[in-house]
Amino acid sequence: LITIACHKIIGNLYFIYFSKLIIVLLIIGIIVTPSRSAILAFIIGYIVYSNTKSKKYLLKSILAILTIGLLFFTFFSDKWLGPMFIEMVYKLPNAISFALDNNKYNQSMGFSVNVFGAAMRVVGIREAFYGFLGSPIFGWGFFSFSSIAKVGTAENFFLQFLFETGLVGLLLLLHFFKTIWRYTNTIFESNSFEEYYQKGFRASFVAFIVVN
């Protein structure tokens, strides 16, 4: 969106190079993080952005993303993904038990901080679900999750919003999102600033929903 907002200032030629630079910086940032939700949001957002172009362009974009992803995961599989996945399978149940009793990590627990982080996510989802069952219509009120649940966050925006506002709040939020999406389908003049902004906003909007 920042790139698109600069479109009229920097002109068409520099806009192309500037947008490619921003994409490269985003990819580097995602790899350095590394956040799985950010990677997924970037890929889906890029696909949504490319979907307005030809199917051939979209197919090439998807193949390029999958190729880069395959090379990335192949390179790091023996150093990061493989051992972490095996540890997650064997030690996650035990980590969940520790997380339910104590939400602070220490090395004496016998598993890595990555496994404990996954356990805290499970506990957060569990707390949000049972809290929702306790007050399903209107919820417990805004910003109430951290004071009621055993953990500070549900690790999921929509689950926490459901906990705090109930079905009424969640339905209103979804209706708000539907309204925004409907207005992003307005047809603008080809290659206009409005069309570029629409594509960028649509991709960012979908990425926001995915990452949360």
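The values are calculated or read from the model by the stated rules, or taken from the named source; none is laboratory data. Computed from a predicted structure; not experimentally measured. Glycine also receives a Cβ, built like all others from the backbone with ideal geometry; neighbour counts cover every protein chain displayed. All accessible areas refer to the heavy atoms of the entire protein, side chains included, with ligands and DNA or RNA removed. Shrake-Rupley method; radii C 1.70, N 1.55, O 1.52, S 1.80 Å.
Here is how the numbers come out for the structure above:
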item: Matching residues, the range 146-155, being open to solvent by 80 Å² or more (accessible area, probe 1.4 Å) and within 18 Å of V210 (Cα to Cα); result: E155
item: Single match in F132, F158 (criterion: aromatic (F, W, Y) and surrounded by 17 or more Cβ atoms within 10 Å (Cβ to Cβ)); result: F132
item: Residues that are within 20 Å of T153 (Cβ to Cβ), open to solvent by 40 Å² or more (accessible area, probe 1.4 Å) and not hydroxyl-bearing (S, T, Y), drawn from the range 97-122; result: F98, L100, D101, N102, N103, K104, V113, N114, R121, V122
